Every structure is written in structure tokens, then in C-alpha cells.
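Contents: one structure, followed by commentary.
The values are calculated or read from the model by the stated rules, or taken from the named source; none is laboratory data. Bear in mind that the values here come from a model prediction, so they are computed numbers and not experimental data. Here the Cβ positions follow ideal geometry from the backbone for every residue, glycine too, while neighbour counts run over all protein chains shown.
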């Protein structure tokens with residue numbers, strides 16, 4: 001794992017010492033504040049071309065994608081059963097076509113037929129075109145629950161906060177604190193929902209030119225490489241049950257405790273303004289077999 005400033009011209013070894021010292025100083029200065037990202041995650045691939053650097057009092061991880069060495073990714077040191085996960089991300093700038101930056105929850109070493117996953121994938125695009133936020137949810141190895149949104153700001157010029165709230169009632173995906181998607185636990189109608197697997201938080205930057213930009217029609221321009229996506233300020237907040245309940249897994253089905261966490265009016269507004277694809281509205285896709293249970297109402 002490299003510890004370098006992206007603007008440094010010093011040697012790798014010297015900068016590693018300098019940044020390591022800065023990290024130690026930041027740890028001391030931030031006593032009682034949220035942990036450094038450096039302490040919360042492990043670089044799982046692409047260690048030779050990803051790096052941490054200090055940006056003010058925040059340590060920032062730069063994930064890198066280049067043609068020769070490929071992409072890079074990280075995973076949280078800890079796994080969780082329910083919680084709120086917030087992270088600040090600044091996406092690949094300029095012509096990012098073909099690239100995908102991600103932020104997602106996934107369990108460790110689970111057979112695919114039991115595999116759960118909550119995905120946020122940021123699909124790059126040609127210069128001047130908006131990013132697409134592609135979301136999907138897998139339960140018991142079954143995905144195909146895609147919803148896509150056009151981001152209403154330029155996510156490459158500053159950090160924005162992307163969040164997953166996962167409790168026993170809902171999975172809520174938020175952008176800068178505003179909900180854009182909810183997937184609800186409706187066991188009474190047989191809707192599948194992740195309820196038992198501890199999941200680890202992941203992030204990555206990789207090449208998906210076969211499908212990411214305009215269905216794969218626009219390929220990655222490697223003359224623009226290396227590409228960078230920046231991650232910082234990870235906050236993990238464990239799920240808190242309603243008063244008198246021992247833990248979130250014991251929350252009774254009739255409880256409305258987690259309904260208050262969902263701003264239904266904001267969700268409806270964002271889905272009307274920013275959603276560009278909803279699997280639950282894809283008549284052609286489900287013409288023969290009918291819509292999934294979660295797409296229908298009683």
C-alpha cells in the first residue's frame with residue numbers, strides 16, 4: 001500500500017514516512033473524533049497504485065485505474081449486521097467513459113445462492129455528460145433490482161456524501177442526505193430481504209467499458225489515464241432499535257420505529273426528478289413472467 005501525496009515529486013520512501021507521520025499527528029489531533037479511513041479499511045487490490053494523502057485534517061484514499069495495472073479497491077476491516085454507512089466520494093473527472101467507481105455492502109465467502117449485496121455504482125461518461133448512479137440489490141443470490149439516477153450536480157469537482165441505511169424495515173440509499181431509493185422488507189408478501197448476513201463495506205474503481213457507458217457503445221479512452229476516484233470520511237453508525245428492544249434483529253414486524261427514518265416526500269420528489277430507469281416499470285422485461293413481488297401492491 002502506497003502512502004503518497006498525488007502532487008509529490010519526492011521519493012516513494014520519503015513520502016511514505018512523511019505521510020505516515022502526518023497520519024499519526026492527525027490521530028492525536030482527532031482524539032474523540034471519527035476514526036481515520038486508514039484505520040477502518042484495507043486496500044484489497046491495486047495496492048501498488050492506490051494511496052492515502054492528507055487533505056486538511058482528513059485522510060483521503062485515491063483509488064487508481066490505469067490500463068497496465070487495472071483498477072483498485074478496498075474493504076472495511078469490520079463486517080456489520082444492520083447500520084448506516086456514509087462516505088464522501090469525489091468521482092473521476094473529465095472523460096470518465098467506461099470507468100465505474102463503487103460503494104457497496106457484501107458478505108465474505110458466501111455461496112452465491114445465499115449471496116446478499118447492496119450496490120451503488122457510478123457510471124462514467126463522456127466529458128460534459130452527467131454521471132449515472134446505478135443501484136442494485138441482491139438477496140439470496142438474486143439481483144436484477146436495478147434503479148438508475150442522473151446526479152443533479154457535478155460529482156467530480158467536490159466531495160459528496162453517499163449513504164446506505166440498512167435496518168430491519170428498509171434499505172435506503174441517500175445522496176447528500178436525500179433519499180433516492182428505498183427497498184422495503186415485506187416478508188408477509190414473500191419479498192426477499194437481507195436479514196442475517198454480516199456485510200463488509202467495499203469501494204472500487206474499475207474498467208467496465210463493455211456495459212457502463214451508453215450500454216458499452218462508448219469505450220474507455222486510455223489516453224486520459226490514469227483515472228482517480230477519491231474516498232474519505234467513512235462513518236459507520238450501528239443500527240439502534242426502538243426503546244425496550246434488545247437489538248435491531250428483534251424489532252417486531254409491526255414496529256414503525258424505522259419508518260420515521262424515511263423522508264417519503266423527498267424520496268418521491270427525487271424519483272420523479274432524477275430516476276431514469278426503474279426495473280419495476282420495465283413492462284418489456286417482465287411481460288411474460290410478471291413483475292417481482294416487491295414491485296406490486298396489494
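Residues are listed down the side, and each one gets a yes or a no for (1) surrounded by fewer than 19 Cβ atoms within 10 Å (Cβ to Cβ); (2) on the phi > 0 side of the Ramachandran plot:
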| position | (1), (2) |
| --- | --- |
| 52 | no, no |
| 59 | no, no |
| 62 | no, no |
| 65 | no, no |
| 70 | yes, yes |
| 76 | no, no |
| 80 | yes, no |
| 86 | yes, no |
| 89 | no, no |
Just checking, does the stretch 198-215 include any residue being surrounded by fewer than 16 Cβ atoms within 10 Å (Cβ to Cβ) and at pLDDT 95 or above? yes
Pick from the stretch 63-87, criterion outside any strand (DSSP E or B) and touching a strand residue (DSSP E or B) at 6+ places or on another chain (Cβ under 6 Å), ranking: nearest to residue 230 (Cα to Cα): 71
So which of 34, 20, 29, 79 is at pLDDT 95 or above and over 28 Å from residue 124 (Cβ atoms)? 79
Which one is nearest to residue 202 (Cα to Cα) among residues in the stretch 94-107 that are surrounded by fewer than 20 Cβ atoms within 10 Å (Cβ to Cβ) and modelled with pLDDT of 95 or more? 106
Quick one: residue 193 ticks every box in (1) surrounded by fewer than 19 Cβ atoms within 10 Å (Cβ to Cβ); (2) more than 16 Å from the chain's Cα centre (by Cα); (3) closer than 18 Å to residue 120 by Cα bar one, so which box is it? (1)
Can you confirm whether residue 118 is touching a strand residue (DSSP E or B) at 6+ places or on another chain (Cβ under 9 Å), crowded, with 20+ Cβ neighbours inside 10 Å, farther than 30 Å from residue 218 by Cα and modelled with pLDDT of 95 or more? no
Among the residues of the stretch 263-276, is any more than 17 Å from residue 178 (Cα to Cα), in contact with a strand residue (DSSP E or B) (Cβ under 8 Å, 6 or more places away or on another chain), part of a helix (DSSP H, G or I) and at pLDDT 95 or above? no
May I ask you to list the residues in the stretch 238-262 that are assigned to a loop (DSSP other than H, G, I, E, B) and within 22 Å of the chain's Cα centre (by Cα)? 239, 240, 258, 262
